[in-house]
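Asker: Input: one structure, supplied below.
The values are calculated or read from the model by the stated rules, or taken from the named source; none is laboratory data. Note that this is a predicted model, so its numbers are computed, not measured. Cβ coordinates were reconstructed from backbone atoms using ideal geometry, including for glycine residues, and neighbour counts include every protein chain displayed. SASA here: full protein model, heavy atoms, side chains in, ligands and nucleic acids out. Shrake-Rupley method; radii C 1.70, N 1.55, O 1.52, S 1.80 Å.
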Amino acid sequence: MEETKIFYADGENPKMIEAYKKAQDTFKYFWRELSWEYRRIVPGLDVACVKLAFTQEIDDETVVEHMWINDVNFDGENIYGVLLNDPDELTNVNNGDEVQIPVNQISDWLFAIGGKTYGAFTIQAMRSEMSEEERNSHDEAWGLDFGDFNDILVVNEQKEKPENIIEHPMSINMKESLIEFVKNNPEEITAQDELGYTFLHREAIAGNQTSVEVLLESGADKNSKTQSGKTALDFAKELNWEHLLPLLQ
């Protein structure tokens, strides 16, 4: 992502800072998976949560706490969700609060399919310093298989189907039903939500090439802007969805 500013405390472990950076660079895969999860009739994910840097000025000092949220939403600029932790020092947020945080304050993300985790960079940094026994009891406490801390996966079946890095299989498989949907609901092509987002904006944010192609062929306006003045191309660039750039330019 462009102009990424990573929040971390002075003297923080370099391994953790590296984990934050990796989480930010790959967050788009988390959102791509979750945006499809929200369309599934039968849920496919065991868990999906994002860790964010929350900040507060306390006694003229910026205090940073990294905490998890779930019920995550993302509009290409901000992340929304519900706080899962009780803060240690911060007083401006509480467990259960609905929060909105800029995308550049991501410090980790995690989803799991069939008990197997994807992402979880800060957790893997911590696991890398544990003994085999500690790792096993850590994973048991979570009830998840975190796998090899040196080999972190970001998309489902990444090894078996490397093409999944480029595009989510559901984007390809749902092509015919999307064509059918826009044929029967042509107004969906031009509709904008209260923040000016179109169907094309949302598919571009999620990196769905086939969906973007179908929408463009159906007459979607690639120059349509959100209230904050962004086109689908702007989001594709910011999220580094390189395969979408030729389509949207």
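Asker: Is it the case that some residue within the range 35-54 is in contact with a Lys or Arg (Cβ under 8 Å, 6 or more places away or on another chain), in a strand (DSSP E or B) and under 25 Å from residue 124 (Cβ atoms)?
Answerer: No, every residue in the range 35-54 fails to be in contact with a Lys or Arg (Cβ under 8 Å, 6 or more places away or on another chain), in a strand (DSSP E or B) and under 25 Å from residue 124 (Cβ atoms).
Asker: Then there's this: Can we say residue 126 is part of a helix (DSSP H, G or I), more than 20 Å from residue 20 (Cβ to Cβ) and hydrophobic (A, V, I, L, M, F, W, C)?
Answerer: no
Asker: State the number of residues belonging to the range 96-112 that are in contact with a Ser or Thr (Cβ under 6 Å, 6 or more places away or on another chain) and part of a helix (DSSP H, G or I).
Answerer: 1
Asker: Would you call residue 111 open to solvent by less than 20 Å² (accessible area, probe 1.4 Å) and in contact with a Cys (Cβ under 9 Å, 6 or more places away or on another chain)?
Answerer: yes
Asker: So for the range 173-193 (the condition being of a type in the set (Gly, Ala, Ser), without any contact (Cβ under 8 Å) to a residue 60 or more places away in the chain, on the phi > 0 side of the Ramachandran plot and assigned to a loop (DSSP other than H, G, I, E, B)), does at least one residue qualify?
Answerer: No, because not a single residue in the range 173-193 is of a type in the set (Gly, Ala, Ser), without any contact (Cβ under 8 Å) to a residue 60 or more places away in the chain, on the phi > 0 side of the Ramachandran plot and assigned to a loop (DSSP other than H, G, I, E, B).
Asker: While we're on this one: When you scan the range 204-225, do you find a residue that is β-branched (Val, Ile, Thr), open to solvent by 40 Å² or more (accessible area, probe 1.4 Å) and either part of a helix (DSSP H, G or I) or modelled with pLDDT under 95 (or both), even just one?
Answerer: no
Asker: Before we move on, is residue 57 buried (at least 16 other Cβ atoms within 10 Å of the Cβ), modelled with pLDDT under 95 and either in contact with a Cys (Cβ under 8 Å, 6 or more places away or on another chain) or not aromatic (Phe, Trp, Tyr) (or both)?
Answerer: no
Asker: Quick one: which of 52, 90 is of a type in the set (A, V, I, L, M, F, W, C), touching a strand residue (DSSP E or B) at 6+ places or on another chain (Cβ under 7 Å), open to solvent by less than 20 Å² (accessible area, probe 1.4 Å) and closer than 24 Å to residue 155 by Cβ?
Answerer: Answer to the selection: 52.
Asker: Among the residues of the range 118-150, write down those that are open to solvent by less than 50 Å² (accessible area, probe 1.4 Å), in contact (Cβ under 8 Å) with a residue 24 or more places away in the chain and either more than 23 Å from residue 69 (Cβ to Cβ) or under 14 Å from the mean Cα position of the chain (by Cα) (or both).
Answerer: Result: 118, 119, 120, 121, 128, 147.
Asker: Of the conditions (1) within 25 Å of residue 107 (Cβ to Cβ); (2) open to solvent by less than 90 Å² (accessible area, probe 1.4 Å); (3) not charged (D, E, K, R), residue 179 clears all except one; give me its number.
Answerer: Of everything listed in (1) within 25 Å of residue 107 (Cβ to Cβ); (2) open to solvent by less than 90 Å² (accessible area, probe 1.4 Å); (3) not charged (D, E, K, R), residue 179 misses just condition (1).
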